[in-house]
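Student: Below you will find the structure I want to go over with you.
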Amino acid sequence: MRHMVALLALAVAAVPGIASAWELGAKGAYWIAELSSGQIRLDDGGEGTEVDLHDDLGIDSENLFFGEAWLWAGRHHLSLTGTPVDYSGSERIGTSIEFGGVSFPANTRVDTSLEYVVLDLAYQYDLIDLENILAGLSLGPVFRVSYFDGEVKMKGGGEEESQSFRIPFPMLGLGGHLGIVADLLEVRARAAGMWFRGDFVVEALGEVSLNPLTFIELVGGYRYFRIDIDEEDLLLDYTQTGPYVGLSLKI
């Protein structure tokens, strides 16, 4: 986390014209993420079987942790968010599956794992920045890059196949902040996404924070994530949604 904060500080220091008001912070959160739908496919020479994560492979929802570090300076907001994801399932498949050139016959018990980390680097510039003693409002565009780094694996019946992936995805969006009673209570919202050659990723969240002390925030919110990409012979198509709670420290 110290390295993340140092990187943010150096990056914002390089931006000219930054106002004197600034905030440095980090947040850890527990996300009750429901895997509401999902398909996966691994091709070999253009052939592969698209299977349902839950119905075919027995993969269920998992609660996740994510962390965020940020540096705000005037109208400039820079943040880095990391979300590790680890899904696994075991199921006796009802029909045969072609996965990356390996055939898994029907009635074979197949163990599947999908593990990756998403790193999101985002920059927001406030076109609207209204602050007074009792309330404040800011709103501006968000420029963001999400980077997926992980591996999918399937094994069963003496066969095993895996595929690692590293996929960057640029996104555009909008972010806003509302502070009430000198920021004792704060409301934040952010949404970003991008569609490119049939692939798309969308992420949105809204949260409320209570600041009992100057350097501590109690956070509660709701996060939505949707991915539908077909890259490196791998199709990932699923949705994660649910509430989260967390704690932030800031200076």
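The values are calculated or read from the model by the stated rules, or taken from the named source; none is laboratory data. For clarity, every value in this text was computed on a predicted model and none was experimentally measured. Because the Cβ atoms are built from the backbone with ideal geometry, glycine has one as well, and the counts that use them run over all protein chains shown.
Student: Just a yes or no: is a residue in the stretch 206-213 within 30 Å of Phe104 (Cβ to Cβ) and either surrounded by 13 or more Cβ atoms within 10 Å (Cβ to Cβ) or not acidic (Asp, Glu) (or both)? Lay out the reasoning, then the answer.
Tutor: Going through the stretch 206-213, the residues within 30 Å of Phe104 (Cβ to Cβ) turn out to be none.
No, the stretch 206-213 contains no residue that is within 30 Å of Phe104 (Cβ to Cβ) and either surrounded by 13 or more Cβ atoms within 10 Å (Cβ to Cβ) or not acidic (Asp, Glu) (or both).
Student: Looking at (1) closer than 30 Å to Glu47 by Cβ; (2) of a type in the set (A, V, I, L, M, F, W, C); (3) more than 27 Å from the chain's Cα centre (by Cα), which is the one condition that is false for Phe148?
Tutor: The single condition Phe148 does not satisfy is (3).
Student: Please verify whether Ser37 is assigned to a loop (DSSP other than H, G, I, E, B) and within 30 Å of Ala189 (Cβ to Cβ), treating the condition exactly as stated. Quick ask: steps written out before the conclusion?
Tutor: Numbers: assigned to a loop (DSSP other than H, G, I, E, B): no; within 30 Å of Ala189 (Cβ to Cβ): yes.
Spelling it out, it is not the case that Ser37 is assigned to a loop (DSSP other than H, G, I, E, B) and within 30 Å of Ala189 (Cβ to Cβ).
Student: Looking for something of a type in the set (A, V, I, L, M, F, W, C) and over 27 Å from Gln39 (Cα atoms) - is there at least one such residue anywhere in the stretch 191-209? Steps first, answer last, please.
Tutor: Kept after step one, since they are of a type in the set (A, V, I, L, M, F, W, C), are these residues of the stretch 191-209: 191-192, 194-196, 200-202, 204-205, 208.
Now narrow it down to the ones that are over 27 Å from Gln39 (Cα atoms): 208.
Checked against the condition, which is being of a type in the set (A, V, I, L, M, F, W, C) and over 27 Å from Gln39 (Cα atoms), the stretch 191-209 yields at least one hit.
Student: I'd like to check something: does the stretch 140-156 contain any residue that is surrounded by 14 or more Cβ atoms within 10 Å (Cβ to Cβ), over 24 Å from Gln39 (Cβ atoms) and modelled with pLDDT under 95?
Tutor: no
Student: Confirm whether Glu68 is under 17 Å from Ala189 (Cα atoms), in a strand (DSSP E or B) and not basic (Lys, Arg).
Tutor: Working: under 17 Å from Ala189 (Cα atoms): yes; in a strand (DSSP E or B): yes; not basic (Lys, Arg): yes.
For Glu68, the condition - under 17 Å from Ala189 (Cα atoms), in a strand (DSSP E or B) and not basic (Lys, Arg) - is met.
Student: So, restricting to strands (runs of 3 or more DSSP E) that lie completely within the stretch 86-158, which ones have at least 2 residues that are farther than 25 Å from Asp233 by Cβ and among the small types (Gly, Ala, Ser)?
Tutor: Once the strands (runs of 3 or more DSSP E) in the stretch 86-158 are filtered for at least 2 residues that are farther than 25 Å from Asp233 by Cβ and among the small types (Gly, Ala, Ser), what remains is 135-156.
Student: Being free of Cβ contacts under 8 Å to residues at least 24 places away in the same chain, touching a strand residue (DSSP E or B) at 6+ places or on another chain (Cβ under 9 Å) and exposed (fewer than 15 other Cβ atoms within 10 Å of the Cβ) narrows it down to one of Ser103, Ser96, Ser164, so name that one. Working first, answer last.
Tutor: Details: Ser103 fails: free of Cβ contacts under 8 Å to residues at least 24 places away in the same chain; Ser96 fails: free of Cβ contacts under 8 Å to residues at least 24 places away in the same chain.
Only one candidate passes the filter, namely Ser164.
Student: Right, next: I want to confirm something. Restricting to the stretch 52-74 and keeping residues that are crowded, with 18+ Cβ neighbours inside 10 Å, under 30 Å from Leu127 (Cα atoms) and not acidic (Asp, Glu), which single residue is farthest from the chain's Cα centre (by Cα)?
Tutor: Residue satisfying both the conditions and the ranking: Ala73.
Student: Write out, first by first residue and then by second, each pair whose Cβ atoms fall under 7 Å of each other, whose residues are 6+ apart or on separate chains, and whose first residue, in the stretch 64-79, is closer than 29 Å to Thr239 by Cα while the second is at pLDDT 95 or above and in a loop (DSSP other than H, G, I, E, B).
Tutor: Leu64/Ala33
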